[in-house]
1. When the chain is fully extended, how far beyond the present Cα-Cα distance does H54 get from L86, taking 0.36 nm per residue of separation?
2. Give the average over all directions of the projected area of the C-alpha convex hull of the range 84-125, one decimal, in nm².
3. Using every alpha carbon pair in the range 29-191, what percent of pairs falls into each 10 Å bin from 0 up to the bin containing the largest distance?
4. Show the residues, 5+ positions off or on another chain, whose built amide H is closer than 5 Å to the amide H of I42.
5. Amide H of I120 versus every other amide H placed in the peptide plane: which residues, excluding those fewer than 5 positions away on the same chain, fall under 5 Å?
6. Among 152-162, 110-120, how do they line up from the highest to the lowest mean number of other beta-carbon atoms within 10 Å?
7. List the residues whose amide H sits under 5 Å from the amide H of Q143, counting only those 5 or more places along or on another chain, with H placed 1.01 Å from N in the peptide plane.
8. What list of ³J(HN,Hα) values in whole Hz, one per residue of the range 55-66 in order, does the Karplus curve 6.51 cos²θ - 1.76 cosθ + 1.60 (θ = phi - 60°) give from phi, with Gly and Pro shown as x?
Amino acid sequence: MNIRTTIIAILLIIALVAPGGALLGEKEYPKFLEEPWDHSPITVYVDEQNIPPHYSPSYPATVDRAMEYWENGGNGKLSYTPVFELVNTSDADIYIMWVENMEDVTGAEEGVAGFCRPMIANGRYVHADIVLEVGDYKGFSWQQYGDANMEQLVTHELGHALGLGHSNDIRDIMYPTYEQRENLNPLLVETTYPFIVMAILTAIGISGYLAVGWLRYRKRRQRLENELLNEK
Ligand SMILES: [Zn+2]
């Protein structure tokens, strides 16, 4: 499978999962995958090492509450009951990190406060990265997100990591508010050698535009990818 085929496959997937012509007025709760993880518990790593200047040590607790929300039924749209386990290694299923400002650090569109990027292989998630900013410009002044805001943001992004897409139900947690209008493009990775394709994608810069604080993690992952690549 060459790089061009891979890119075409990714673009196809993006086109397929893009919100279709929803019937006017009908509430929809689309899913990327019905049951994205093939195992339980789903492991979560919260990066408290690579933190931006305005990070709050109270943020990890918002992740705990967001996990509890989904474990206790969430918005009622999951067909399974997720169980999370916090782990101390960055090769967890879900990796959560904070950056100072999404627009500055990742070049994201204005108004994007966080995103979840799942990587899909063989119809399942193999990994999901969640990146959250710690504050944004309100008018002319920069404001740090409080815990309530952060909890909402984390809960929404975790919803993506559990397979949910954006709802058009304004009262639903998966409704993309202004702060959550993130660009959500799952990466399709090859079944047999997911990490090799990930390495190629990283190399050509599709997934490699992220945060400064992420560099260390990426280097670590790169090393892992290189090891797997050499094994082949
Ligand atoms: Zn979203």
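We did not get these values from a lab; they are worked out from the coordinates using the rules stated. What you are looking at is a predicted structure, and each value in this text was computed from that prediction instead of being measured. Note that we place each Cβ from the backbone using ideal geometry, even for glycine, and neighbour counts take in every protein chain shown.
1. Value of the extension gain: 9.2 nm.
2. Result: 4.3 nm².
3. Each 10 Å bin holds this share of Cα pairs: 11, 43, 37, 10, 1.
4. V83, F84, E85
5. When sequence neighbours closer than 5 places are left aside, the close amide H contacts are V126, L187, L188, V189.
6. So the order, starting with the most tightly packed, is 152-162, 110-120.
7. D136, Y137, K138
8. Result, ordered by residue: 5, 10, x, 7, 5, x, 5, 5, 5, 4, 5, 5 Hz.
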